[in-house]
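Notes follow once the structure below has been shown.
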Amino acid sequence: MKLIKCAFTGHRPQKLSFGFNESDQRCKDLQATLFLKILHLMLDQEVNYFISGMALGVDMYAAEIVMLMKKFRTSLRLGAAIPCEGQSKRWPAPQRMRYDYIRMNCDVETVLQERYTPSCMFQRNCYMVDNADIILAVWNGDLGMDSGTWQTVSYALELGKPIIVIDPVTLKSRKL
């Protein structure tokens with residue numbers, strides 16, 4: 001079976017309208033939209049391998065959705081692209097536990113660096129794009145250089161990778 005890979009990129013909770021409040025209906029709606037888009041990728045695009053950058057927010061939502069779907073499609077694979085060991089060490093305990101649970105349930109784990117450096121997140125993003133056939137981005141259109149999501153989308157555009165963007169406010173999707 002040929003692996004068709006999709007990498008996730010998206011905003012951290014601080015850039016989403018609902019922040020860390022996952023009981024907010026906007027968060028639930030975003031997660032439902034992600035679920036449907038991932039299902040579409042599996043069924044229509046035959047994607048069978050998903051890569052998460054394991055960041056708070058969209059990366060973790062998407063990884064959890066894939067974990068759920070793996071219960072029904074055992075051939076599905078989830079990879080973790082970890083920028084550096086200790087990625088979650090400064091996170092609140094509940095988020096670290098969630099991260100650890102996702103990490104334990106990944107089929108493949110790639111740790112790009114032993115220690116944090118200012119460029120490790122960018123290197124992780126490039127790794128994901130380099131190793132994916134398609135990119136699924138939850139992106140608000142921010143073109144700021146401090147936006148890791150924009151950096152990832154920009155790099156994917158440079159490489160000519162197909163990109164599906166979900167607007168985190170309207171939940172509408174489009175292809176770039």
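The values are calculated or read from the model by the stated rules, or taken from the named source; none is laboratory data. Being a predicted model, the structure only gives us computed values, none of them experimental. Using ideal geometry, Cβ is built from the backbone for each residue, glycine included, and neighbour counts are taken over all protein chains shown. Keep in mind that these areas ignore ligands, DNA and RNA; they rest on the heavy atoms of the full protein, side chains included. Shrake-Rupley method; radii C 1.70, N 1.55, O 1.52, S 1.80 Å.
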Worksheet item: Just wondering, is there one or more residues in the stretch 86-93 that are over 20 Å from S119 (Cα atoms) and free of Cβ contacts under 8 Å to residues at least 40 places away in the same chain?
Response: yes
Worksheet item: In the stretch 42-54, how many are in contact with a Ser or Thr (Cβ under 9 Å, 6 or more places away or on another chain) and aliphatic (A, V, I, L, M)?
Response: 2
Discussion item. So, in the stretch 38-56, exactly how many residues are in contact with a Phe, Trp or Tyr (Cβ under 9 Å, 6 or more places away or on another chain) and either within 15 Å of M121 (Cβ to Cβ) or assigned to a loop (DSSP other than H, G, I, E, B) (or both)?
Written reply: 5
Item to complete: Residue by residue through the stretch 57-72, note down the ones that are among the aromatic types (F, W, Y) and either modelled with pLDDT of 95 or more or touching a Phe, Trp or Tyr at 6+ places or on another chain (Cβ under 6 Å) (or both).
Response: Y61
Fill in: Residue under evaluation M104, criteria (1) among the hydrophobic types (A, V, I, L, M, F, W, C); (2) in contact with a Cys (Cβ under 9 Å, 6 or more places away or on another chain); (3) surrounded by fewer than 18 Cβ atoms within 10 Å (Cβ to Cβ), criterion not met
(2)
Discussion item. Just to check your reading of the model, which residue among S75, S23 is in a loop (DSSP other than H, G, I, E, B), open to solvent by 10 Å² or more (accessible area, probe 1.4 Å) and at pLDDT 95 or above?
Written reply: S23
Worksheet item: Just for strands (runs of 3 or more DSSP E) wholly inside the stretch 108-176: which have at least 3 residues that are open to solvent by less than 40 Å² (accessible area, probe 1.4 Å) and of a type in the set (A, V, I, L, M)?
Response: 134-138, 163-166
Item to complete: Say whether the condition of being in contact with a Pro (Cβ under 7 Å, 6 or more places away or on another chain), of a type in the set (V, I, T) and touching a residue at least 60 places away in the same chain (Cβ under 8 Å) is met by at least one residue in the stretch 137-157.
Response: yes
Practice prompt. Report the residue count in the stretch 42-72 for those that are open to solvent by 60 Å² or more (accessible area, probe 1.4 Å) and in contact (Cβ under 8 Å) with a residue 40 or more places away in the chain.
Written response: 2
Fill in: Members of the stretch 1-20 found to be open to solvent by less than 50 Å² (accessible area, probe 1.4 Å), closer than 21 Å to G79 by Cβ and assigned to a loop (DSSP other than H, G, I, E, B), listed by number
I4, H11
